[in-house]
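Read through the structure below, which is laid out as structure tokens, and then see the notes.
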Amino acid sequence: MATRLNTSLHNALCLLKPFNTLLITKPFSSRNSFRFSKKLPSSPRRALYCTSSHENGETFVLTTPLYYVNAPPHMGSAYTTIAADSIARFQRLLGKKVIFITGTDEHGEKIATSAAANGRNPAEHCDLISQSYRVLWKELDIAYDKFIRTTDPKHEAIVKEFYARVFANGDIYRADYEGLYCVNCEEYKDEKELLENNCCPVHQMPCVARKEDNYFFALSKYQKQLEEVLSQNPQFVQPSYRLNEVQSWIKSGVRDFSISRALVDWGIPVPDDDKQTIYVWFDALLGYISALTEDNEQQNLDTAVSLGWPASLHLIGKDILRFHAVYWPAMLMSAGLSLPKMVFGHGFLTKDGMKMGKSLGNTLEPFELVQKFGPDAVRYFFLREVEFGNDGDYSEDRFIKIVNAHLANTIGNLLNRTLGLLKKNCESTLVVDSTIAAEGIPLKDTVEKLVEKARTNYESLSLSTACEAVLEIGNAGNSYMDQRAPWMLFKQGGVSAEAAAKDLVIILEVMRIIAVALSPISPCLSLRIYSQLGYSVDQFNSITWSDTKWGGLKGGQVMAQASPVFARIELDAEKGVEEKKVKDSKKKSKAKVKVEQPQTVTEA
Ligand SMILES: Nc1ncnc2c1ncn2[C@@H]1O[C@H](COP(=O)(O)OP(=O)(O)OP(=O)(O)O)[C@@H](O)[C@H]1O
């Protein structure tokens with residue numbers, strides 16, 4: 001059995017090796033105690049694409065990439081995390097138990113180099129940068145459930161166990177490898193995918209020739225199973241155009257890849273061979289599983305898996321699609337674990353057409369953006385403006401234009417005007433239930449249709465269209481206000497004034513529904529709207545998607561004092577963005593979403 005496996009692997013490698021690389025499989029050296037003959041009989045655990053038995057359809061587990069701590073976060077890292085947070089919040093509104101996992105990937109050559117360049121040891125460097133991610137997530141109201149660091153001992157234990165399982169399954173062998181290596185991607189590249197002067201297309205830097213004696217994962221063995229997974233589960237890779245990309249990679253033949261590094265000290269040692277460390281991807285991907293463990297529990301794969309694996313959704317940038325949609329499923333199959341249900345590869349935030357990234361250094365500072373504009377504006381702009389899946393460029397002019405038009409005018413101003421009229425004419429008190437006020441009014445049907453549009457688009461991860469649907473509700477409310485002109489009706493008195501009082505109830509009900517439907521995107525803005533409608537923080541914290549149903553506001557309910565829920569950002573020709581108004585708005589937006597307890601909001 002061992003000989004047959006060796007031979008077939010060797011054949012596969014000879015057939016598949018890139019023409020600029022030299023790969024020689026060789027028997028295991030005495031440096032390690034592994035033997036191919038250790039291969040276990042195929043285990044019944046192995047499944048092509050299954051859900052684990054604990055899954056009851058109610059738990060939604062989603063992940064962001066574990067960000068590489070070679071440098072602090074930038075707007076690209078924030079983009080994936082904001083999107084993930086919005087999806088998590090939407091799923092919680094549907095009543096599901098959500099486990100939202102994020103974290104940091106802390107091993108590898110780039111990190112050791114970056115630490116040295118900053119005069120730190122790698123561990124200190126990782127602590128510092130990892131913390132900057134946590135701080136940014138707080139600033140952006142990211143309510144994650146688990147934050148995993150790949151230097152956490154509980155993670156290391158899971159990686160070693162996983163490695164041992166894959167080894168026992170006969171899928172790890174040793175070989176020499178020679179090729180062109182991109183230090184920033186930390187992977188060997190095919191010559192044909194490189195630009196002039198052997199430059200990596202992602203990092204625009206020349207790859208270097210390297211020769212190493214490494215351990216390899218027998219990916220080629222899983223070619224057929226990978227093809228089957230994708231043809232039987234086209235949902236597995238989203239959006240659909242990325243599925244085509246992945247299918248064509250697989251069709252062109254998957255090659256075994258090296259899963260250890262001989263020249264990198266900063267990593268998890270290969271079991272039984274401390275001269276090699278485990279390749280960052282064979283380490284970091286396991287973070288999605290090790291994150292599930294609790295600190296006070298026994299750390300092993302089975303326990304971790306029982307706590308929430310498989311993930312419902314891996315949300316990633318398209319740069320790491322191959323690792324998630326090809327390498328990872330094969331690794332999981334080898335270890336006899338279920339595959340995640342979906343991998344969604346979104347597009348890039350670009351600057352001058354190039355991917356914004358730490359290695360290129362062409363990044364947009366998220367801390368600065370939040371300082372200047374507040375978290376609601378930042379979250380809303382990127383999710384509304386960049387169609388989820390495609391690339392998108394940032395411009396400050398566009399940013400200000402969009403958030404002013406949508407959040408300050410369409411939403412904020414409508415609420416403010418309505419509350420002003422209610423105070424002046426009805427002592428801030430609703431005259432009737434919103435259900436009664438809306439009898440025979442077409443606006444109610446329009447809102448119901450738009451709520452449904454928002455829901456289906458949230459579900460299909462079309463976040464931009466979901467935002468658009470919510471904004472259309474605001475537009476419908478504004479049109480109603482303009483058509484009915486309640487300020488005129490109040491002046492006429494009698495039945496006209498009674499009708500005007502009902503109109504205000506209708507518009508405020510529209511605002512309430514907007515607050516619920518927009519809460520996955522801009523949670524603090526939604527809270528401020530809810531508070532102005534006379535609800536407590538606890539009431540806001542217990543909303544569900546069913547609260548988008550018309551009829552929440554009741555006669556006799558007293559509204560709060562009107563104050564802008566989203567202050568316009570004013571451009572000052574000399575100073576750029578005028579600080580004061582934004583600061584005012586930030587003061588009002590002090591209500592923060594607690595990170596530790598998802599979906600909980602407290603007022604500062
Ligand atoms: N420009 C970007 N647009 C959208 N998402 C991005 C962008 N840059 C990074 N990301 C997110 O971060 C993930 C990559 O994380 P990583 O920590 O490697 O960041 P990076 O800036 O791309 O690093 P590097 O430039 O060193 O390759 C992507 O898959 C994506 O989720």
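The values are calculated or read from the model by the stated rules, or taken from the named source; none is laboratory data. As the structure is a prediction and not an experimental result, all values here were calculated from the model. Heads up, the Cβs are rebuilt from the backbone with ideal geometry, glycines too, and the neighbour counts pull from every protein chain shown. Surface accessibility is based on the protein's heavy atoms, side chains included, excluding ligands, DNA and RNA. Shrake-Rupley method; radii C 1.70, N 1.55, O 1.52, S 1.80 Å.
If the condition is being part of a loop (DSSP other than H, G, I, E, B), surrounded by fewer than 24 Cβ atoms within 10 Å (Cβ to Cβ) and of a type in the set (D, E, K, R), then the range 88-120 contributes Lys96, Arg120. Residues that are assigned to a loop (DSSP other than H, G, I, E, B) and open to solvent by less than 10 Å² (accessible area, probe 1.4 Å) within the range 165-185 comprise Gly170, Asp171, listed in sequence order.
Against the test of being in contact (Cβ under 8 Å) with a residue 24 or more places away in the chain, within 16 Å of the ligand (Cβ to nearest atom) and farther than 21 Å from Pro271 by Cβ, the options Phe373, Phe367 yield a single qualifying residue, Phe367.
Of all residues in the range 532-551, those satisfying the criterion of being open to solvent by 40 Å² or more (accessible area, probe 1.4 Å) and in a helix (DSSP H, G or I) are Asp538, Gln539, Ser546, Asp547. Considering (1) modelled with pLDDT of 95 or more; (2) out of contact with any Phe, Trp or Tyr (no Cβ under 7 Å at 6 or more places or on another chain); (3) under 24 Å from Leu315 (Cβ atoms), the lone condition that Arg455 does not fulfil carries the number (2).
For the range 301-329, filtered to residues that are hydroxyl-bearing (Ser, Thr, Tyr) and away from the ligand (no atom under 16 Å from the Cβ), the residue that is nearest to Glu245 (Cα to Cα) is Ser312. Annotation note: Cβ proximity below 8 Å between a residue of the range 148-166 that is closer than 12 Å to Asn300 by Cα and a residue that is of a type in the set (Lys, Arg) (sequence gap 6+ or interchain) occurs for His155/Arg149.
So which of Asp145, Asp127, Asp141, Asp190 ends up being away from the ligand (no atom under 16 Å from the Cβ), of a type in the set (Asp, Glu) and open to solvent by less than 10 Å² (accessible area, probe 1.4 Å)? Only one candidate qualifies: Asp141. Met205 meets all of the listed conditions (1) at pLDDT below 95; (2) among the aliphatic types (A, V, I, L, M); (3) open to solvent by less than 40 Å² (accessible area, probe 1.4 Å) but one, namely (3). For beta carbons closer than 8 Å, sequence separation of 6+ or different chains, a first residue in the range 106-121 that is in the same structural domain as Trp266 (by TED's automatic domain parsing) and at positive phi and a second that is assigned to a helix (DSSP H, G or I) and loosely packed, with under 13 Cβ neighbours inside 10 Å, there are no qualifying pairs.
Thr456 - would you say it is polar (S, T, N, Q) and more than 30 Å from Gly345 (Cβ to Cβ)? So Thr456 fails the test.
For the range 330-350, a tally of residues being open to solvent by 30 Å² or more (accessible area, probe 1.4 Å) and either within 8 Å of the ligand (Cβ to nearest atom) or aliphatic (A, V, I, L, M) (or both) returns 2.
One line per residue, one yes/no per condition, for (1) outside the structural domain of Asn404 (by TED's automatic domain parsing); (2) at pLDDT 95 or above; (3) outside any helix (DSSP H, G or I):
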site: Ile521; (1), (2), (3): no, yes, yes
site: Arg528; (1), (2), (3): no, yes, no
site: Leu553; (1), (2), (3): no, yes, yes
site: Val582; (1), (2), (3): no, no, no
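For first residues located in the range 383-411 and within 16 Å of Gly474 (Cβ to Cβ) and in contact (Cβ under 8 Å) with a residue 60 or more places away in the chain, partners that are open to solvent by 40 Å² or more (accessible area, probe 1.4 Å) and of a type in the set (Lys, Arg) and lie 6+ apart or on another chain with Cβ distances below 6 Å form the pairs Asn404/Arg568; Ala408/Arg568. From the residues in the range 226-280 that are closer than 21 Å to Ala168 by Cα and without any contact (Cβ under 8 Å) to a residue 24 or more places away in the chain, which one is most open to solvent (accessible area, probe 1.4 Å)? By that ranking, first place goes to Asp274. Tell me which residues, restricted to the range 69-87, are near the ligand (Cβ under 9 Å from one of its atoms) and either part of a loop (DSSP other than H, G, I, E, B) or open to solvent by 10 Å² or more (accessible area, probe 1.4 Å) (or both). Within the range 69-87, Val69, Asn70, Ala71, Pro73, His74, Gly76 qualify. Within the range 447-467, identify whether any single residue is of a type in the set (Ser, Thr, Tyr), touching a helix residue (DSSP H, G or I) at 6+ places or on another chain (Cβ under 6 Å), crowded, with 16+ Cβ neighbours inside 10 Å and within 27 Å of Met559 (Cα to Cα), and answer yes or no. No; the residues of the range 447-467 include none that is of a type in the set (Ser, Thr, Tyr), touching a helix residue (DSSP H, G or I) at 6+ places or on another chain (Cβ under 6 Å), crowded, with 16+ Cβ neighbours inside 10 Å and within 27 Å of Met559 (Cα to Cα).
Can you spot a residue in the range 52-65 that is at pLDDT below 95 and within 13 Å of the ligand (Cβ to nearest atom)? No.
A single entry from Asp145, Asp171 fulfils the requirement of being touching a Lys or Arg at 6+ places or on another chain (Cβ under 8 Å) and at pLDDT 95 or above: Asp171.
Filtered by the rule that a residue be near the ligand (Cβ under 9 Å from one of its atoms), part of a loop (DSSP other than H, G, I, E, B) and surrounded by fewer than 21 Cβ atoms within 10 Å (Cβ to Cβ), the range 376-395 gives a lone residue, Asp391. In the range 88-101, the condition of being more than 12 Å from the ligand (Cβ to nearest atom), in contact (Cβ under 8 Å) with a residue 60 or more places away in the chain and over 25 Å from Thr456 (Cβ atoms) is met by at least one residue.
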